[in-house]
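Take a look at the structure below.
The values are calculated or read from the model by the stated rules, or taken from the named source; none is laboratory data. Nothing here was measured: the structure is a model prediction, and the numbers come from that model. Cβ placement follows ideal geometry from the backbone for every residue including glycine, while neighbour counts extend to all protein chains displayed.
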Amino acid sequence: MTVLVRLIYASKVAAHFGPMDMHDILDKSRRNNIEAGISGLLILADGYFFQALEGDRSAVHATYARILKDSRHSSSVMLSSLEIEKRLFSGWSMGYVLSSEKNKPLFMSYSSNKYFAPLSLRAQAAESLLAEIGAHARHLGGTETAT
Ligand SMILES: Cc1cc2nc3c(=O)[nH]c(=O)nc-3n(C[C@H](O)[C@H](O)[C@H](O)COP(=O)(O)O)c2cc1C
């Protein structure tokens, strides 16, 4: 039986992380996620990744297990893992949103201090932030790198 889920996690970007790493991650994500029926959104903000993976439960967890081993980030915390009726990001094999002056207020509205601190977000807040950023990105006509 297949069950549709959405997993959200946050992690710290590695000190050695560079633009080519992002290019490689998006490239691999696009290829692997289409194959695995996974959709989602990856956010890079203030030195943190914040990512949603949605799809079949076993495919999502297998992908997350692979991502956990990646040295381009650390301190990953699973913020939420929910059975869902519907995807938020269908059609996006991995949308990408970079924090900018335009969307910074949105990130900050979920923060208790002046920095975006996704590792300590509650599940409900993680879900809300994700939905808001997704809607915002759609409004702007897509994500930084199209699916
Ligand atoms: C923050 C972050 C997000 C990633 N997201 C994905 C993803 O959504 N899908 C994926 O296949 N790989 C993702 N990766 C890359 C994996 O860790 C891994 O390098 C890749 O899946 C290996 O693919 P390959 O076996 O085809 O070479 C991500 C890595 C990082 C650091």
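Name the residue that is farthest from the ligand (Cβ to nearest atom), counting only residues in the range 28-41 that are of a type outside the set (Asp, Glu) and over 14 Å from the mean Cα position of the chain (by Cα). Break it down into steps so the answer makes sense when it comes.
Of the range 28-41, the ones of a type outside the set (Asp, Glu) are 28-34, 36-41.
Narrowing the set further to residues that are over 14 Å from the mean Cα position of the chain (by Cα) leaves 28, 31-32, 34, 36-37.
On the way: Lys28: 4, Arg31: 7, Asn32: 3, Ile34: 10, Ala36: 7, Gly37: 12 Å.
So, considering only residues that are of a type outside the set (Asp, Glu) and over 14 Å from the mean Cα position of the chain (by Cα), the one farthest from the ligand (Cβ to nearest atom) is Gly37.
Quick grid of which residues meet (1) under 22 Å from Phe116 (Cα atoms); (2) of a type outside the set (Lys, Arg); (3) more than 12 Å from the ligand (Cβ to nearest atom):
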{"position": "Ala15", "(1), (2), (3)": "yes, yes, yes"}
{"position": "Leu26", "(1), (2), (3)": "no, yes, no"}
{"position": "Ile43", "(1), (2), (3)": "yes, yes, no"}
{"position": "Asp46", "(1), (2), (3)": "yes, yes, yes"}
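Just the residues that are among the basic types (Lys, Arg) and within 19 Å of Glu35 (Cα to Cα), please, taken from the range 47-85. Break it down stepwise before answering.
We begin by selecting, within the range 47-85, every residue among the basic types (Lys, Arg); these are 57, 66, 69, 72.
Listed by number, the residues that qualify are Arg57, Arg66.
Is it the case that some residue within the range 7-25 is part of a strand (DSSP E or B), within 28 Å of Met108 (Cβ to Cβ) and aromatic (Phe, Trp, Tyr)? Spell out how you get there, then give the answer.
To start, the set of residues in the range 7-25 that are part of a strand (DSSP E or B) comprises 7-13.
Remaining after also requiring within 28 Å of Met108 (Cβ to Cβ): 7-13.
So of that shortlist, the ones also aromatic (Phe, Trp, Tyr) come out as 9.
Taking every residue of the range 7-25 in turn, at least one turns out to be part of a strand (DSSP E or B), within 28 Å of Met108 (Cβ to Cβ) and aromatic (Phe, Trp, Tyr).
Yes or no: the range 62-77 includes at least one residue that is surrounded by 20 or more Cβ atoms within 10 Å (Cβ to Cβ), more than 10 Å from the ligand (Cβ to nearest atom) and modelled with pLDDT of 95 or more.
no
Would you be able to say whether some residue in the range 113-127 is more than 15 Å from the chain's Cα centre (by Cα), within 13 Å of the ligand (Cβ to nearest atom) and surrounded by 18 or more Cβ atoms within 10 Å (Cβ to Cβ)?
For the range 113-127, residues more than 15 Å from the chain's Cα centre (by Cα), within 13 Å of the ligand (Cβ to nearest atom) and surrounded by 18 or more Cβ atoms within 10 Å (Cβ to Cβ): absent.
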